[in-house]
Each structure stands twice: as C-alpha cells, then as structure tokens.
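This report concerns only the one structure given below.
The values are calculated or read from the model by the stated rules, or taken from the named source; none is laboratory data. It should be emphasised that the depicted structure is a prediction, and the values quoted were computed from it without experimental measurement. Positions of Cβ are generated from backbone atoms using ideal geometry, with glycine treated the same way; all protein chains shown enter the neighbour counts. Ligands, DNA and RNA are stripped out before the accessible areas are found, and what is left, the full protein with its side chains, is counted by its heavy atoms. Shrake-Rupley method; radii C 1.70, N 1.55, O 1.52, S 1.80 Å.
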Amino acid sequence: MVSDPAVRGNPSVPSLSIELRISGFNPDQSTAKDFGHSSKILVVGAGTWGASTALHLARRGYTDVTVLDAYPQPSAISAGNDVNKIVSFQNPPSEDDPDYVNKTFFAALAKGFREDPVFRPHFHETGNIIAAFSPGGLKAIRGRHREGFDVVELNTPEDFRKTMPPGILTGPLPGWKGFWRKNGAGWVHARNALVSAITEAKRLGVTFVGGQLEGKVVRLLYDSEGKDVIGVQTADGRQHLASRVILAAGANADQFLDFKKQLRPTAWTLAHIRMSPEEAQKYRNLPVLFNADQGFFIEPDEDKHEMKVCDEHCGYCNWVMDENGERRSVPFARHQIPVESAERIRGLLRATMPQLAERPFSFARICWCADTVDRNFLIDYHPDHPSLLLAVGASGRGFAHIPSIGGFIVDRLEGVLNERIAYAVRWRPEQAVNRNWDDTQNRFGGSYKVMDFQKVTEWTDIPHEDNALPFGSVVPRI
C-alpha cells in the first residue's frame, strides 16, 4: 500500500506515524493467554506476504482474519501483481549447514510450488541461466545454489546460444560466463499465483477489504497508555480493533512506525515487449536468462503475449529529508520507468536478442521492496508493542516465497518458529546503527551504485491502459 503523495505533502493530513490512542479498550485482549483461533487478526497489506499470511492463518484454523489494502485485490501496486517472477528451488539443508536459514526458506518454497495445489499450476520448470561478466558479478553467481541439480557450465557465446532454439540468442553476449540449471528452477505466473492464494484464503473464510477509503490503513491504533497496538484506522475513519495486527505492508511499512533504519525502500524497473501470437510461440518454454550485471528476461505470457525484460542494477531509492532532518527513501507508484533504465533494457536486448532491441515497450513500471541491512527477512513482534507482528524486509526476493512465507509468519505469531530462523529474522536495530544507506548489498549492474529517483530527469511515456493510477505521476518530495 503506497500512500498518496498529496497526503505526504499536505500538513493538514495526519502523518501515518501519529499515535491514536483509544480509551476503554482492554489491553488484556492482546495478551498471549487470551489469544486463540477465534481472536480477531488484522493483516495490513494484501500483497505477496499479506496474502500468504492470510492463507496460512486460515489453514491453521483462525476464523476471524481481515486483510486491509488500499487497492482491490490483486493490488495494482503490489510487486507480486506481475506476469512472472523467477523461482529457484533448494534442497533441505543439513542441521550443520552454515546457510541453514536461507536454504530452509528456499526448501519450503520448493515444496510449496511442487505440492501445494494453490500454487503448483502456476510454476513453470523451464530451468534458468545465471550469468555475469564483471569480477564481482562472476564471484556472486559462483555462490548460487546448484548442489543436487542438473547444471551445465557456460563459457562462450556459443554455449549460451545452445541453451535456446536457433534464432533466439543472436546477440554477441560479450564476456558472458555462467551456468545453465536445467531443473529445479524457472518462473511462476505471479499475478495468477497471488490471485490463487487470495481466492483460497477467501474460500476458507478470510475477509479482504480493498479501496482508497475502506481498505487504506492510515495509522496504527494504540491503547490508552500508548504501549500496545490494538488495531488500525482506515481512510474512511473507521477503527478496526484486533487482538493481533500483522504489518505486511512491504516497502511502505516504515510509514507506520519507526523501524530504527532497519528498512530501506528500494525500487527496480521493468518493461514489456508485445509480440504477435506466432512470435510468442517461438519464444515459449525458454529458460529464464539472468545476468547479474545486465538484467533478465522471461518468456512471453500466454494472455497478452508480452515478454518481460528487466535491467539489473543496485536499485533506486527516493531520497528525501523528513521532518526530523533524517534521510529517508519514500516509495511512490508509477507505471513508467526512467529513460536511463529503458536504455539499459535495450542494451540487454542488444547483447542477447538484437532482433527485439528496438521494439516499442507496451508497458513499464517501478516495483518497490524493502531492504534490511543483511537482507534477511524481518519477522518478529515489535519489542514495544507486543500485539504487533512485523512481516517485512523481503529485500528484493520476497515473491518467490509466496507458497510458504505465511507459514513462517504464523509460526512466529504462535511462538513456535525455529530458533535459528527466529534469530536471523528478529528485530535487530543494532545492525542499522550508522547504516550506510548507499550500500549496494552485493547487487551489480547499472551504474554499480544505488541510484536516486530525485536525480532522474526523464521518464518514459508509454501509453497503456494500466498506466492510469490515482496517484504517482510525480516523484514525491518532502
């Protein structure tokens, strides 16, 4: 849920961080001894993690769950509302594996896409190609998980061309090296998977409320002592009280409370190229191609025959100074991309598929996520507000976990999350002391630095029916 820039620039509109305290509400309702499967639970955000959480809550037998979002489902601005996303599987780790937490998360999503009927139909096991050409990029991709899968090394342009039918990879692929993972990887139709999760959650009794008035959460509600969160208020003025509030608002979460610099809203860019049905058929069932220095593309979707192409970079932030003089990245919605990003996308196409490089874009958008310092998720109760559970910090890799992340979030809700995982995803402001906001966090491409939307002077102007949003036509400045 992205707040309206007009609200951020209007001093007469209350800030999202204002504490609204309600007298007469019994704080004991939020204590563990009184919390059960019939207790009221509010989930703020109906994107990937909010939908997954709602589904897993319903599957665990919780009977009074409401999900609030500023948009009807699927949310127009959710990063998960996309034609496709890259997915790679991982086998379950051994107990002594130093990467136990990360591999456990990936093993869980693998099980979900392989076995869960809600998600299995939307996964396409086409394999993927991972490549790079810079020293840093090549070092990074060597650490990608490959054990137990059918993997072929790729060292020459001809090696890469052989991974796809003739006439696809016709570009020079200069300096590219990498590997082709033939199984346990591919892509998922993101929008369909998100809708499937929401549909099943609704069937199991979850209530979804979307809309700029009735669904848009504008603030958290606190008890009369200001110590605990007891609900939320939506833009229509309604107060929703609950025993637990789960904040799954993605890049916008830090507009609701102080995260002590643990979250950095960061954006990425994408564009689509529309093909004829005959062309699209030629590009079907291709392995996903990802270059850590230049970008990636995924085969065209079956509905609109559009190929998604993304330029790889270290991310864009929207840096402003807040009322306290602190530097802060403020998300905004826009279904266009910087012209510099469009040119990088065309550079990727010239290197790989020059026959498509000058095609007009049919669609473009920016997608936001929130980076933690170490890029581990943040799934924990707030230390000062015992009824507020945080489910944020997807760090650019949140969608792939849609089948399973809700299960981990509900585990933390119930106090049964694996201790090693709970420690990795804990509330950890000590990591953000003197945080380097410009840290590239082991990402590559573009200018090889974190970029600033405030410095972008030219944006694309792509006509498309989905480009109309109620806000986001300008970069917000505070």
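Quote the relative contact order of the chain in percent (integer), defining contacts as alpha-carbon pairs under 8 Å separated by 6+ residues.
This gives 22 percent for the chain.
Using just the helices of the chain, give the 222 nm mean residue ellipticity in deg cm²/dmol: DSSP H runs with n ≥ 4 each add -39,500 (n - 2.57), and the total is spread over all residues, rounded to 500.
-5500 deg cm²/dmol
Using 7 Å Cα-to-Cβ label points, what is the LEU241/LYS282 separation (nm, one decimal)?
My value for the distance between the label points is 6.5 nm.
In the stretch 239-300, what trypsin sites (Lys or Arg not before Pro) fall in a loop by DSSP, with at most 16 other Cβ atoms inside 10 Å?
LYS260, ARG284
Any idea what the dipole of the chain comes to, in debye rounded to 20, about its Cα centre with Lys/Arg Cβ at +1 and Asp/Glu Cβ at -1?
Using Cβ point charges on Lys, Arg, Asp and Glu, the chain gives about 480 debye.
Answer with a single label: of (i) 1.03; (ii) 0.96; (iii) 1.10, which was calculated as Cα Rg over 2.2 N^0.38 Å from the structure in view?
It is the one labelled (ii).
Within the accessible area of the chain, what % is carbon and sulfur when the probe is 1.4 Å and the other protein chains stay in place?
Values: 9580 of 18810 Å².
Answer for the chain is 51 percent, counting heavy atoms of protein chains only.
What accessible area per residue, rounded to a whole number of Å², is obtained for the stretch 41-455 using a probe radius of 1.4 Å? List each step's numbers first, then the result.
Details: 14850 Å² over 415 residues.
Counting only protein heavy atoms, the per-residue value for the stretch 41-455 is 36 Å².
³J(HN,Hα) across the stretch 353-359 via Karplus (A = 6.51, B = -1.76, C = 1.60, θ = phi - 60°), whole Hz, x for Gly/Pro?
Once rounded to whole Hz, the list reads 9, x, 5, 10, 5, 9, 5.
Considering the dipole of the chain built from charges on the beta carbon (Lys and Arg +1, Asp and Glu -1) around the Cα centre, which of ASN155, THR440, VAL450 is farthest to its positive end?
Ranked along the dipole, the leading option is ASN155.
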